[in-house]
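Working notes for the structure below.
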Amino acid sequence: MPIGSGNLNIVIGLVGHGRWGQRHLATLLNLKSEGHISEVYVCDIDPKRLEALPEAVNGTFTSFTTMLDEVRIDALAIVTPPESHLTLATQALEREIPLLVEKPLSTDLSETSTFLDHLSVNATMIVGYLLRHHPGVEKMIAHYSAKDLSPPRRFQYMRHTPRERPQGAHPIETLAVHALDLCSLFLKSPLRTFDVGTLLTTEESAFIELQGEDGRSATIDVAWGAGHEVRALSISGAEDEMELDFGTNRLIHRHFGTQHDTVLDVGQGQPLDNEWRCLLSAITEPKTVLLPSRNELLDHAHWLHTHR
């Protein structure tokens, strides 16, 4: 999204500098080098995670409250364990700071509901369902949003990685949650409206089959410790199907009744960069953004509460 070409004098705070926090920091420093951000501060309760940071980082803190007291923060990323998200988000929103909170918003349904009930209509918050910002997914959404096209009926997602399961990670809340978000988005129904035909989980994997009353269905297959990397999404309707390989950014469009596939160009945009640009755009316009919507976030929380 367009966020201007000059230095916008925007100060960003990053809370949590673990594995994924490092990815956020790299993205933020790239945006800073392009002139879209003026300062970046990093906070983590573990001082060792604040050692040897790039020179472009303007400062570090081991106390979240101290960072908010001492620095004028224009936007904040919360990249900490899920159980801490709402506490940190509440502190930031009390100061009217726009947020990017990693998914899931919380692992507790009651706390999520209470938080969203008290969320100001003027609050700006993006929850990190990263695949919504993938250029291939954006192209698929635009395609199936066309008025003259039948809505998709079948959703299939596979995410297998040779990487070992991170400590404390859960296959549904960490890997499958992205697919669950896209499932309800593409099939245009809340997760709670689907019957769970199959739900098989181990410490490293999850296999989920969902069935809607009108024939819509979804299959989600995720795992750590796999033999090789697979990241793929397939959406199909009555007239056509689209297949996206997240590894190669190859998007194939297949129209039933024809013999040739069409390979669509999705560009090289990175989802995390796009996600940050979305938040920066909301700050500079300015406008209020809640993404996903309140109802979608409650639906996610309810499904996780019921099936985790």
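The values are calculated or read from the model by the stated rules, or taken from the named source; none is laboratory data. On a predicted model such as this, the values are computed, not experimentally measured, just so you know. Methodologically, a virtual Cβ is constructed for each residue, glycine included, from the backbone with ideal geometry; neighbour enumeration extends over all protein chains shown.
Scan region 11-26 residue by residue and report those that are modelled with pLDDT of 95 or more and either more than 20 Å from the chain's Cα centre (by Cα) or not polar (S, T, N, Q) (or both).
11, 12, 13, 14, 15, 16, 17, 21, 23, 24, 25, 26
So which of 102, 55 is among the acidic types (Asp, Glu), modelled with pLDDT of 95 or more and touching a helix residue (DSSP H, G or I) at 6+ places or on another chain (Cβ under 9 Å)?
Being among the acidic types (Asp, Glu), modelled with pLDDT of 95 or more and touching a helix residue (DSSP H, G or I) at 6+ places or on another chain (Cβ under 9 Å) holds for just one of 102, 55, which is 102.
Is at least one residue of region 27-37 small (Gly, Ala, Ser), surrounded by 14 or more Cβ atoms within 10 Å (Cβ to Cβ) and at pLDDT 95 or above?
Among the residues of region 27-37, not one is small (Gly, Ala, Ser), surrounded by 14 or more Cβ atoms within 10 Å (Cβ to Cβ) and at pLDDT 95 or above, which makes the answer no.
If you scan region 41-52, which residues turn out to be more than 11 Å from residue 15 (Cβ to Cβ), outside any helix (DSSP H, G or I) and at pLDDT 95 or above?
46, 51
Where in region 193-308 are the strands (runs of 3 or more DSSP E), entirely inside, with at least 1 residues that are surrounded by 19 or more Cβ atoms within 10 Å (Cβ to Cβ) and in contact with a strand residue (DSSP E or B) (Cβ under 9 Å, 6 or more places away or on another chain)?
By residue number, 205-211, 217-223, 230-236, 240-245, 250-255.
List pairs: first in region 281-304 and acidic (Asp, Glu), second assigned to a helix (DSSP H, G or I), Cβ under 8 Å, 6+ apart or cross-chain?
Note: pairs meeting the criteria are 296/181; 296/184; 296/185; 299/184; 299/191; 299/192.
Evaluate the following for residue 55: is it in a loop (DSSP other than H, G, I, E, B) and touching a residue at least 12 places away in the same chain (Cβ under 8 Å)?
Here the answer is no, as residue 55 does not meet what is asked.
Residues that are touching a Ser or Thr at 6+ places or on another chain (Cβ under 6 Å), hydrophobic (A, V, I, L, M, F, W, C) and modelled with pLDDT under 90: does region 252-264 have at least one?
No; the residues of region 252-264 include none that is touching a Ser or Thr at 6+ places or on another chain (Cβ under 6 Å), hydrophobic (A, V, I, L, M, F, W, C) and modelled with pLDDT under 90.
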